[in-house]
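No value in this document is a laboratory result; all are computed from the given coordinates. Source: prediction; values computed, not measured. Please note: Cβ atoms are built from the backbone with ideal geometry, for glycine as well, and neighbour counts cover all protein chains shown.
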Amino acid sequence: MIQRTSALRSLLGPLRVPSLSSKISEYNWYTSQAASSLQEVIIPCASSLSGDDEYADVDWDNLGFGLTRADYMFIMKCFKDESFQKGQISPYGNIELNPSAGVLNYGQGLFEGTKAQRTEDGRILLFRPEQNAMRMKRGAERMCMPSPSIDQFVNAVKETTLANKPWVPPPGKGSLYIRPLLIGSGPILGLGPAPEYTFLIYASPVGNYFKEGTAPLNLYIEEEVVRASPGGAGGVKSITNYAPVLKAITKAKGRGFSDVLYLDAVNKKYIEEVSSCNIFVIKGNLISTPATNGTVLDGITQKSIIEIARDHGYQVEERRIPVDELIDADEAFCTGTAVGVAPVGSITYQNKRIEFKREGQLVWQELYSTLVGIQTGRIEDKKGWTMEIN
């Protein structure tokens with residue numbers, strides 16, 4: 001029998017988030033309804049489950065990286081110069097935004113990404129969600145936004161995952177991608193911080209990010225469009241970082257490339273990031289990755305791979321990498337929450353295609369195997385990176 005908490009029973013119809021020009025009384029209704037939400041979880045509707053009531057009705061063998069919306073999301077609000085209180089689990093649905101919301105007019109918003117994995121023995125593991133929480137706090141400071149505390153963020157991720165447990169794929173079939181958002185939702189006309197903020201989390205089961213799966217990527221180095229410049233917001237996960245690179249991505253994919261690798265904005269000679277992930281270059285026992293110096297996002301998968309590589313005896317350097325060094329590199333690979341660890345087969349620069357090692361004993365495979373082993377519980381987690389939530 002499906003049971004729901006009485007406090008949330010009225011929310012099981014279509015979700016309608018109060019107008020962002022709502023009165024304080026409307027805001028207080030939300031916070032009072034949410035008073036015990038972090039302890040109360042709605043069990044997903046039976047109609048979304050498969051015959052054994054353990055998994056949602058999804059073709060797990062053909063899962064790509066597209067939106068397959070899970071049943072529930074988490075939502076929490078606060079006003080400017082205040083702190084977030086408690087939020088609540090609600091049915092997945094549209095939210096209502098004032099046309100003059102800060103996020104719509106001035107791009108005042110951040111997002112994060114983390115994943116839940118199902119182990120062979122049925123446990124569900126999160127991977128370093130506190131790192132996402134800390135990164136969001138740093139980004140919120142840069143964007144003049146209040147942010148959830150570390151505990152609030154992590155607890156919200158836990159509750160969202162548990163509410164959507166049937167949507168966590170079977171072992172080896174993918175993961176539940178969890179997307180936290182922090183937006184300036186209050187109305188404002190003149191340029192300035194919004195008067196109200198919304199923190200929400202939704203989730204979707206996903207497979208491989210790139211259509212190539214684990215096949216080597218073919219990257220194209222963009223020389224005109226830059227992803228970030230010194231003094232900008234390239235070092236935080238601002239929503240404003242991503243739309244400007246869509247034209248370069250579209251152009252590259254139209255020419256048969258997997259994605260774009262960007263150069264620094266000042267000298268146009270140092271590699272920085274791929275559109276949505278960090279990059280590593282390998283030469284012998286040396287593994288190099290661009291330093292996170294304000295224009296490169298500090299990736300959580302990136303820092304995990306750095307630590308794993310050092311544990312495996314490799315020398316790792318975070319530094320400026322001249323594009324000319326690619327010619328002599330043995331291997332290259334990308335890392336990110338969405339992409340995991342993806343090998344690079346070639347990089348094209350100034351119409352010259354640089355090929356990397358694809359066969360034999362590959363470093364990226366060694367590091368990838370360890371990372372995924374920890375994330376899925378196949379390898380003992382001696383670092384305290386995983387968090388079991390069931």
Neighbour-count ranking for 78, 334, 277 (other C-beta within 10 angstrom, fewest to most) reads 78, 277, 334
Which cross-chain or sequence-distant (5 or more) residues have an amide H under 5 Å from the amide H of residue 344, H modelled 1.01 Å from N in plane? 217, 332, 333, 334
Setting aside same-chain residues fewer than 8 positions from residue 251, which aspartates and glutamates have a Cα under 20 Å from its Cα? 212, 222, 223, 224, 259, 264, 272, 273
Ranked on Cβ counts within 10 Å of their own Cβ, fewest leading, 83, 369 go 83, 369
Angle between the Cα long axis of helix 129-142 and the longest principal axis of the chain, 0 to 90 degrees, nearest 10? 90 degrees
How big is D, in µm² s⁻¹, for segment 111-270 by Stokes-Einstein at 10 °C and 1.306 mPa s if Rh is the Kirkwood radius over C-alpha pairs? 88 µm²/s
Can you find, among 321, 340, 217, the residue farthest towards the positive end of the dipole of segment 217-375? Put +1 on the C-beta of Lys and Arg, -1 on that of Asp and Glu. 217
Taking the alpha-carbon centroid of each part, what is the distance from segment 127-165 to segment 219-252 in angstrom? 24 Å
If you rank 262, 270 by fewest surrounding Cβ atoms within 10 Å, what's the result? 270, 262
Derived scalar couplings ³J(HN,Hα) [segment 73-82; Karplus, 6.51 cos²θ - 1.76 cosθ + 1.60; whole Hz; x for Gly, Pro]: 9, 10, 9, 8, 10, 7, 9, 4, 6, 10
Taking only Cα atoms of segment 217-375, radius of gyration then Dmax in Å: 14.7, 42
Counting only helical runs of four or more DSSP H residues, what would the 222 nm mean residue ellipticity of the chain come to if each run contributes -39,500 (n - 2.57) and the total is spread over all its residues? -6000 deg cm²/dmol
Considering the dipole of segment 231-323 built from charges on the beta carbon (Lys and Arg +1, Asp and Glu -1) around the Cα centre, which of 256, 266, 281 is farthest to its positive end? 256
Proximal aspartates and glutamates relative to residue 382, as straight alpha-carbon distance under 14 Å, when same-chain residues fewer than 8 apart are discounted: 307, 311
Step through the table entries 77/115; 86/303; 115/383; 283/352; 303/357; 115/211, compare each Cα-Cα distance with 26 Å, and write down the pairs that go over it. 86/303
Cβ-based charge dipole, the chain, positive-most Cα from 108, 131, 194: 194
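When the expected Rg is taken as 2.2 N^0.38 Å, what fraction or multiple of it is the alpha-carbon Rg of the chain?
For the chain, the normalised Cα radius of gyration comes out at 1.01.
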